[in-house]
Amino acid sequence: MEKTVEEIKKLAKEKDAVILAHYYVDGAIQEIADYVGDSFFLAKKAKEVENKTIVFCGVTFMGESAAILNPDKTILLPNITSRCPMAEMVDEEEIEKMREQYDDLAVVCYINSNASTKELVDVCVTSSNALKILKNLPQKNIYFIPDQNLGSWLAKQVPEKNFIMGSGFCHVHHSIEADYVKELKEKYKGVKLLAHPECKLEVCELADYVGSTSGIIDFATSCEDKEFLIATEAGVLHELQKRNPDKVFHFVPKRSCMNMHKITLDQVLECLQANAPQAVVSEKVRVKAEKALDNMLKYASL
Ligand code: 13P
Ligand code: SF4
């Protein structure tokens, strides 16, 4: 393993490549990355870095978003089969129907979506910027796709908007049941629950903090408590424990995203050697999809 890590570092330097990793990938991959973060941080970082090549260690929509925002950079995906199933849960034909049905409508799409969907929508959001973006959007009606759980959580925070919800979900978070969380809250009385908004609304409503992967890690790090209940994917434990070696984290229960964890160090090395696989988006789709991502960056910085 050490040899592979050395080879990755050497080759990345030779090729002027930067390695980005999401908090859900294996700890060994997070350790070799130049930057680790939530999906919004990684999208911004992909645009900021000057390196010609980005190795994107995350599910494919993340690399695809980097390719949309950076047509002059090469985006390498160590495992092209690491796809987020939620990104496929969009009925693209519904988008046009909604536009015909509602005046004053914004089609808002979670970044966990394919380029072919981003091409059709007004703005993308991530869990760390969605609230701000929705409050900044002038439209009253919001068609929120694909994540019904994030959408329901947002609808509760922004009651002045009228939400029409997509029916997608993340199976990793959706399978966390409120009754089980209640049992654990009973067992660990007084211990704060930190939840990702991809969890069902009834789980989020039990939480002391709801936020993105970065948000959860930052909250647990800055809070003086020594013990936490965590409702998100298991990969965050690596950074939680790294920043907080003296704290204890109980998952409710521990759930893994098999697509994120497919990525291996060998694959990172192989993609650098072969300069493939790459995230490829046709220029026709890219130009339209870029508008939705640019709008995200614009509305998130207002
Ligand atoms: P964030 O890192 O933006 O919280 O997203 C979590 C996720 O499920 C990515 O697929
Ligand atoms: Fe998709 Fe859920 Fe995995 Fe995130 S954790 S990549 S939303 S399946």
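The values are calculated or read from the model by the stated rules, or taken from the named source; none is laboratory data. Nothing here was measured: the structure is a model prediction, and the numbers come from that model. Cβ placement follows ideal geometry from the backbone for every residue including glycine, while neighbour counts extend to all protein chains displayed.
The table below gives the values:
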| item | result |
| --- | --- |
| The one condition in (1) assigned to a loop (DSSP other than H, G, I, E, B); (2) touching a Leu at 6+ places or on another chain (Cβ under 8 Å); (3) more than 24 Å from G37 (Cβ to Cβ) that S127 fails to fulfil | (3) |
| Filter result for I8 (among the hydrophobic types (A, V, I, L, M, F, W, C), at pLDDT 95 or above and in contact with a Leu (Cβ under 7 Å, 6 or more places away or on another chain)) | yes |
| Matching residues in segment 256-298 - criterion: being crowded, with 19+ Cβ neighbours inside 10 Å and under 18 Å from the mean Cα position of the chain (by Cα) | C257, N259, M260, I263, A279, A289, E290, A292, L293, N295, M296 |
| Any chance L20 is at negative phi and within 16 Å of ligand 1 (Cβ to nearest atom) | yes |
| Qualifying residues in segment 40-88 (those that are β-branched (V, I, T) and surrounded by fewer than 24 Cβ atoms within 10 Å (Cβ to Cβ)) - the one nearest to ligand 2 (Cβ to nearest atom) | T60 |
| Qualifying position, being polar (S, T, N, Q) and away from ligand 2 (no atom under 16 Å from the Cβ), among T221, T213 | T221 |
| Count of residues meeting criterion [within 12 Å of ligand 1 (Cβ to nearest atom), touching a helix residue (DSSP H, G or I) at 6+ places or on another chain (Cβ under 7 Å) and hydrophobic (A, V, I, L, M, F, W, C)] in segment 171-193 | 0 |
| Residue within segment 211-223 that is of a type in the set (F, W, Y) and touching a helix residue (DSSP H, G or I) at 6+ places or on another chain (Cβ under 6 Å) present | no |
| Long-range neighbours under 7 Å by Cβ, at least six apart or interchain, first residue touching a residue at least 12 places away in the same chain (Cβ under 8 Å) within segment 258-280, second within 15 Å of ligand 1 (Cβ to nearest atom) and basic (K, R) | N259/R83 |
| Cβ-Cβ under 6 Å pairs, at least 6 apart or on other chains, segment 116-142 side within 28 Å of S282 (Cβ to Cβ), far side within 16 Å of ligand 2 (Cβ to nearest atom) and of a type in the set (V, I, T) | T117/V90; C124/I111; T126/I111; I133/V125 |
| Single residue of segment 137-177 satisfying the filter (in contact with an Asp or Glu (Cβ under 7 Å, 6 or more places away or on another chain) and surrounded by fewer than 18 Cβ atoms within 10 Å (Cβ to Cβ)) that is farthest from E233 (Cα to Cα) | K140 |
| Cross-chain or 6+ apart pairs with Cβ under 9 Å, segment 18-29 first and over 11 Å from T213 (Cβ atoms), then modelled with pLDDT under 95 and surrounded by fewer than 24 Cβ atoms within 10 Å (Cβ to Cβ) | A28/M1 |
| Residues of segment 143-167 satisfying the condition of being within 13 Å of ligand 1 (Cβ to nearest atom) and either closer than 13 Å to K200 by Cβ or without any contact (Cβ under 8 Å) to a residue 24 or more places away in the chain (or both) | D147, N149, L150, W153 |
| Residue within segment 98-107 that is touching a residue at least 24 places away in the same chain (Cβ under 8 Å), within 16 Å of ligand 1 (Cβ to nearest atom) and buried (at least 18 other Cβ atoms within 10 Å of the Cβ) present | no |
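The rows are residues; the columns are (1) touching a Ser or Thr at 6+ places or on another chain (Cβ under 9 Å); (2) β-branched (V, I, T); (3) over 22 Å from K291 (Cβ atoms).
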| residue | (1), (2), (3) |
| --- | --- |
| T81 | yes, yes, yes |
| E93 | no, no, no |
| K97 | no, no, no |
| E119 | no, no, no |
| P146 | yes, no, no |
| L150 | yes, no, no |
| N162 | no, no, yes |
| C170 | no, no, yes |
| S175 | no, no, yes |
